[in-house]
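Take a look at the structure set out below.
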Amino acid sequence: MPTHLDPTPAIDSDHPAIRAFAHEHARGGSVRERSVALYLAVRDLVRYDPYRIDLSPGGMRASTTLRLGYGWCVPKAVLMAAVARAAGIPARLGFADVKNHMSTEKLRRTMGSDVFVWHGYTELWIDGAWRKATPAFNLSLCEKFGLLPLEFDGVHDSLYHPYDRAGQRHMEYVNERGSFDDLPLERITADFAVIYPGFGQAAPEGDFAEDAARENAAS
């Protein structure tokens, strides 16, 4: 599957830092074991932060997310695809629109909606099938939100839990957008401009994780 192993402008799996990360973390004797190890590394070593979104081609590049050490769901999915390809694991991107995404009041107010379009995850080719993996929310952030961490075993699809620790509904998938060999950035930015007008000029300020912890403590 050359189209699922080759580097692209966004999934720059040939970048030295990406290759080094893959070499360090892709541990295990099988594709499944290496995939799970990479998933945990991307999930927990790169923190989730939707307050700082850069929709430029450079800002969405996998190596940029790795260098910064943070990203929202789409760049973290791009990073996951890049390190997987660097480790010889075929990977592509998947997208869906979701409701009740992990969020804060500040973020919802800025976006003007509780529906997040173009939510990103990664699909990995493991043992003859595509497996969905969602490495967005790091473990420490899940603890602050009162959510169970999303695990990935390389056998079952890993999407968001529909309920949090307290049994309250957390996420609902409302529209599937399909799978892509590279990041469809033009389509994402075009839809963001229509659905979230002004978001790029008025992004939330502050610390997303601290806002999450404060709101969870008050609930």
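The orientation-averaged shadow of the Cα convex hull for the stretch 1-109, equal to a quarter of the hull surface, comes to 7.2 nm². Between residue 20 and residue 157, the C-beta separation translates, for a Förster distance of 35 Å, into a calculated FRET efficiency of about 0.75. Compared with the direct C-alpha span, the chain from residue 187 to residue 215 gains 6.8 nm at full extension, assuming 0.36 nm per residue. In the context of the full set of protein chains, residues of the chain present 45 Å² of accessible surface per residue (probe radius 1.4 Å, heavy atoms only).
Taking the 1.4 Å solvent-accessible surface of the stretch 16-214 as the whole, the part contributed by carbon and sulfur is 50%. With no solvent and one equal point scatterer placed on each C-alpha of the stretch 16-214, evaluate the Debye formula and give log10 I(q)/I(0) for q = 0.17 Å⁻¹, two decimals. Relative scattering, expressed as log10 I(q)/I(0), comes to -1.17. In percent, rounded to a whole number, the relative contact order of the stretch 16-214 is 25, using alpha-carbon pairs under 8 Å and six or more apart.
Computed extension gain for residue 180 through residue 207, at 0.36 nm per residue and net of the alpha carbon distance, reaches 6.6 nm.
The values are calculated or read from the model by the stated rules, or taken from the named source; none is laboratory data. Since the structure is predicted, the reported quantities are computational estimates derived from the model, not experimental observations. A quick note on method: Cβ atoms are made from the backbone with ideal geometry, for glycine too, and the neighbour counts reach across all protein chains shown. In case anyone asks, the SASA skips ligands and DNA or RNA and just uses the protein heavy atoms, side chains included. Shrake-Rupley method; radii C 1.70, N 1.55, O 1.52, S 1.80 Å.
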